[in-house]
Amino acid sequence: MTLVIRPARAADADALWAILEPTIRAGETYALAADMGRDDALAYWLGGDRETFVAEADGEAVGTYFLRANQAGGGAHVANGGYMTAPWAAGRGVARAMCAHSLDRARDRGFRAMQFNFVVASNARAVRLWRHLGFAEVGRLPLAFRRPDGEYVDALVMYRAL
């Protein structure tokens with residue numbers, strides 16, 4: 001599969017929603033309301049404080065990510081990102097390619113590090129991938145995430161220098 005990663009455009013709204021909705025509705029990996037509507041989800045994902053990208057395979061959107069400063073002011077040199085892969089494209093290297101792209105883009109923008117503030121510890125695939133890409137667990141938030149089944153699990157803070 002050959003991926004093309006490009007900036008998101010307004011015309012991508014339907015394709016983005018097709019990727020975002022299943023992850024939001026599942027409620028397993030993002031601290032977003034599972035009943036979040038399309039307009040609110042797109043406003044969040046395409047917010048003015050972030051740069052959003054689309055990963056395409058054969059012209060079809062199979063993933064998306066955003067990149068932003070993790071904090072303002074004295075923390076603005078550390079990047080933050082969010083990534084979602086279409087369910088039908090899981091396990092095909094989309095998240096890995098998007099993360100690699102985001103690390104390059106963050107360097108190009110002058111960020112000195114990347115931090116993920118809230119990685120749900122039960123999201124084993126993401127935790128494994130982020131570790132493989134050089135992120136270290138620098139914090140653990142005990143029982144900070146409530147899964148849809150009511151179970152509370154830890155969230156991780158993960159970080160790597162650029």
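The values are calculated or read from the model by the stated rules, or taken from the named source; none is laboratory data. Everything numeric here is computed off the predicted structure, so don't read it as measured data. Methodologically, a virtual Cβ is constructed for each residue, glycine included, from the backbone with ideal geometry; neighbour enumeration extends over all protein chains shown. Ligands, DNA and RNA are excluded from the accessible area calculation, which covers all protein heavy atoms including side chains. Shrake-Rupley method; radii C 1.70, N 1.55, O 1.52, S 1.80 Å.
The table for this structure:
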{"read-out": "Selection count where residues are surrounded by 16 or more Cβ atoms within 10 Å (Cβ to Cβ) and among the hydroxyl-bearing types (Ser, Thr, Tyr), scope region 129-162", "value": "1"}
{"read-out": "Positions within region 44-68 being among the β-branched types (Val, Ile, Thr) and either in contact with a Cys (Cβ under 6 Å, 6 or more places away or on another chain) or surrounded by fewer than 22 Cβ atoms within 10 Å (Cβ to Cβ) (or both), in sequence order", "value": "Thr52, Val54"}
{"read-out": "Subset of region 84-101 (residues that are in a strand (DSSP E or B) and touching a Leu at 6+ places or on another chain (Cβ under 9 Å))", "value": "Met84"}
{"read-out": "Condition check for Pro142: outside any strand (DSSP E or B) and farther than 23 Å from Arg96 by Cβ", "value": "no"}
{"read-out": "When residues of region 69-82 are limited to those that are of a type outside the set (A, V, I, L, M) and in a loop (DSSP other than H, G, I, E, B), the one most open to solvent (accessible area, probe 1.4 Å)", "value": "Gln71"}
{"read-out": "Test: residue in region 116-128 that is within 12 Å of the chain's Cα centre (by Cα) and open to solvent by 50 Å² or more (accessible area, probe 1.4 Å)", "value": "yes"}
{"read-out": "Qualifying residue in region 85-98 (condition: out of contact with any Asp or Glu (no Cβ under 6 Å at 6 or more places or on another chain), open to solvent by less than 20 Å² (accessible area, probe 1.4 Å) and of a type in the set (Phe, Trp, Tyr))", "value": "no"}
{"read-out": "Qualifying residue in region 131-148 (condition: in contact (Cβ under 8 Å) with a residue 60 or more places away in the chain and at positive phi)", "value": "no"}
{"read-out": "Lone unmet requirement of (1) within 22 Å of Ala97 (Cα to Cα); (2) outside any helix (DSSP H, G or I) for Ala13", "value": "(2)"}
{"read-out": "Check on Arg68, among the charged types (D, E, K, R) and touching a Lys or Arg at 6+ places or on another chain (Cβ under 9 Å)", "value": "yes"}
{"read-out": "Hey, Val78 of a type outside the set (Lys, Arg) and farther than 20 Å from Ile5 by Cα or not", "value": "yes"}
{"read-out": "Flag for Val4 being under 18 Å from Leu103 (Cβ atoms), open to solvent by 40 Å² or more (accessible area, probe 1.4 Å), modelled with pLDDT of 95 or more and among the aliphatic types (A, V, I, L, M)", "value": "yes"}
{"read-out": "Which listed residue is part of a loop (DSSP other than H, G, I, E, B), out of contact with any helix residue (DSSP H, G or I) (no Cβ under 7 Å at 6 or more places or on another chain) and acidic (Asp, Glu), from Asp149, Asp154, Asp104", "value": "Asp149"}
